[in-house]
Each structure stands twice: as C-alpha cells, then as structure tokens.
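The values are calculated or read from the model by the stated rules, or taken from the named source; none is laboratory data. Nothing here was measured: the structure is a model prediction, and the numbers come from that model. Every residue, glycine as well, gets a Cβ built from its backbone with ideal geometry; the counts of neighbours run over all protein chains shown.
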Amino acid sequence: MRGRSIEWPFLCLNLFSRFGLIPDHGQNQTNNEADHKMPQKQLPICFLNGESSNLISVIDRGLCYGHGLFETIRLSDTQMPLWDYHYQRLRKGAHTLSISLDNHLLQGYLDQLIANCPDNGIVKIMITAGRGDRGYRLSNTSPNYLLQWFPLSDYPNHYQRCGVTLKLCQHRLASSPQLAGIKHLNRLDQVIARGEWGDEYEEGLMLDQYGHVIEAVSGNLFFYRDGAWFTPKLDQCGVAGVMRQYIMEELCNLSLSSLSKIEEVTCLLDDLLSADEVFICNSVNGIWPVLSLENLVPGNPGLANQSSWSLGPQTLALQAALYKSLPAYLNSTE
Ligand SMILES: Cc1ncc(COP(=O)(O)O)c(C=O)c1O
C-alpha cells in the first residue's frame with residue numbers, strides 16, 4: 001500500500017496545480033467575462049486512472065446516471081484506519097451495480113494518491129461504471145477510478161466534545177431495498193435534505209416515507225434507551241456506514257459499558273424522543289453526541305418544537321473506546 005513510486009516532477013505538478021500556480025487543464029476556464037471575476041474554487045489533489053487529472057468524460061455513466069460508487073475515508077498519518085470496511089462496502093456496491101472492481105488497480109491508485117498528498121485529511125474514491133453508449137443498457141464498460149485528497153473539514157471540536165443539534169428534515173428517504181446500504185453516487189435525497197438549512201443546525205435527521213427514523217444526512221444514528229443501544233435497520237434505505245459497522249462489531253465490546261450487542265430496529269420518532277442518549281457517527285468525524293432535535297412541528301418555532309437529550313455516560317464510554325482503539329478520531333479536526 002505504501003510504495004512511493006511517484007517521481008518528483010509529477011508531485012510538484014500536482015502541488016503547484018493544487019495551489020493554483022499552474023492552469024488546471026481547463027476545468028476552471030470560463031468564457032464569461034463576469035465569471036473571471038468570481039473567486040476560483042480550489043481544486044483537490046486528483047488522479048483519474050493513475051493520471052493527474054480532474055476531467056471526466058461527458059459520457060461517463062457516473063455522470064449520466066449516477067452509475068458508480070464512492071467512499072469518503074479518513075486519512076491519518078498516511079493510514080486509513082477503517083479501510084477494510086470501506087473496501088467491503090465498495091465490493092458489495094460493485095456487485096450490485098455490475099461494476100467490475102479491480103482490487104489490484106485500486107490499491108495501486110491509492111498508493112499513488114497517498115504518496116502524493118499530505119499525510120492527513122480525507123481520501124475520496126469514486127469508481128464509476130465508465131464511458132458508455134447513450135441509454136441505460138449495461139454494456140461492457142471499463143470502470144473509471146477517480147481518487148481525490150481533501151483537507152479535513154474545520155468543524156469545531158466541541159461538536160464531538162459537547163454535542164450537536166439536528167434538524168428534522170422534511171424531505172424523506174424512499175425505499176429501495178436493492179440499493180439500501182451501499183454508497184452509490186445518487187445522493188439527491190441528501191442534497192435536497194441538506195438544502196433545508198444553512199448554518200443553523202449541525203446536521204439533519206432523515207425519516208423514510210412511513211415515518212421511520214433512518215439516519216442523519218451524512219451519518220448514522222444510535223440511541224440508548226432502557227439500558228440498551230439501538231440503531232435503525234437499513235434494509236430499505238440509508239447508507240450502512242463503516243463507522244456504524246465498526247461500532248456494532250468492535251466498539252461495543254471494547255467499551256467500558258456493560259453492553260455487548262447493539263440491536264438494529266425499526267423505530268419511529270417517538271422511540272427516539274424517549275431515548276436517554278443519542279449520537280450520530282461517520283467515518284470522517286467519528287462520534288458526535290446529539291443534544292437536541294428541532295423542527296418537530298415545521299413552521300412552529302418554540303419549545304414544543306424540539307426535543308433534547310443529555311450527553312450521557314454511555315455515549316462518553318463509546319467515544320472513549322473509539323479514541324483508544326482508533327486515536328485518529330480524537331480531536332479529529334485539530
Ligand atoms: C447518507 C450517509 N449515511 C451514512 C454515512 C456514514 O458512513 P460512513 O460511516 O461510512 O462514513 C454517510 C457518510 O458520508 C452518508 O453520507
């Protein structure tokens with residue numbers, strides 16, 4: 001995984017490109033005079049099939065149909081602590097979407113990216129079904145591997161230390177059992193849900209069409225009630241997060257709490273509202289305790305419109321176990 005096979009000129013090209021010192025192959029070029037005056041977005045370090053490039057074909061099935069997968073991975077001192085889980089989810093998704101994932105190629109491209117980016121941050125892998133003919137019909141396409149590095153988001157550390165507020169999103173997830181769990185490129189539900197707020201909340205909570213609690217907009221959810229931990233079932237919709245899996249398979253055994261099993265349940269909002277403790281998690285930010293849920297009655301600001309929980313000992317015990325077993329997640333944004 002860690003071979004440093006990339007030559008210096010290539011590395012320099014990348015870093016110069018990242019810091020805007022050389023043109024970025026046209027991606028930021030515009031014909032519009034006004035656009036030239038807009039601040040230019042900084043591009044991440046980016047490789048496409050092993051070449052330094054941020055251009056993808058207009059007939060790529062990932063672009064045309066969202067026919068592809070992605071993983072957003074925590075990079076800590078050149079290591080990806082939950083890589084095995086990310087890879088298993090990619091494999092499952094590739095099988096579902098009939099994408100022929102080549103592990104050998106992927107490992108080589110990852111080595112290349114990690115050798116050419118800072119030691120810490122976020123690695124994003126996108127694997128699309130590749131360039132296809134017009135129309136949905138599957139043809140023998142060869143996948144495109146798009147790998148990027150981003151700096152960690154600058155979320156304040158008190159999100160993980162003191163907790164966050166969620167907005168109950170109006171937009172709901174649709175059932176799609178075949179796609180449930182995998183991290184495919186179609187993320188329009190999350191895009192619409194995230195459009196419901198600006199900076200007023202740290203995250204959103206999403207329900208399905210029947211009012212079942214499913215997950216956060218970009219994370220999974222756990223709640224503690226009557227002496228036990230629960231997490232919503234994800235057999236109809238939602239993304240089966242790798243942090244969720246790690247918590248369920250490993251962390252609950254390492255935690256100082258007396259629990260050894262977390263139950264997957266179908267739950268309604270009332271089940272969540274009567275919980276003692278709640279947290280959300282993902283593989284980039286770790287565990288964020290949830291202190292309150294707002295917008296319970298849309299358009300009715302006021303106390304009845306929110307529910308709150310305390311940051312309790314069970315969540316703190318799980319967080320402590322996470323920091324002990326994967327120290328990368330301690331003070332993740334410092
Ligand atoms: C919709 C959704 N659910 C759950 C997660 C958590 O996944 P993971 O723990 O693999 O980061 C994410 C992460 O981005 C997500 O976007």
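See the values below:
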| quantity | calculated |
| --- | --- |
| Options PHE222, PHE230: the member that is at pLDDT 95 or above, more than 13 Å from the ligand (Cβ to nearest atom) and among the hydrophobic types (A, V, I, L, M, F, W, C) | PHE230 |
| Residues of region 113-140 satisfying the condition of being surrounded by 19 or more Cβ atoms within 10 Å (Cβ to Cβ) and assigned to a loop (DSSP other than H, G, I, E, B) | ASN116, CYS117, ALA129, GLY130, GLY132 |
| Every residue from region 57-76 that is small (Gly, Ala, Ser), more than 17 Å from ASP189 (Cβ to Cβ) and within 16 Å of the ligand (Cβ to nearest atom) | SER76 |
| Enumeration of residues in region 165-193 that are buried (at least 17 other Cβ atoms within 10 Å of the Cβ) and among the charged types (D, E, K, R) | LYS167, ARG172, LYS183, ASP189 |
| Single condition ASP154 does not satisfy, out of (1) surrounded by fewer than 21 Cβ atoms within 10 Å (Cβ to Cβ); (2) over 19 Å from the mean Cα position of the chain (by Cα) | (2) |
| LYS167 being in the same structural domain as GLY299 (by TED's automatic domain parsing), at negative phi and in a strand (DSSP E or B) | yes |
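Let's see how each residue does on (1) assigned to a strand (DSSP E or B); (2) surrounded by fewer than 17 Cβ atoms within 10 Å (Cβ to Cβ):
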| site | (1), (2) |
| --- | --- |
| GLY198 | no, yes |
| MET206 | yes, no |
| VAL213 | yes, no |
| PHE223 | yes, no |
| CYS237 | no, no |
| GLU249 | no, yes |
| LEU272 | no, no |
| PHE279 | yes, no |
| LEU293 | yes, no |
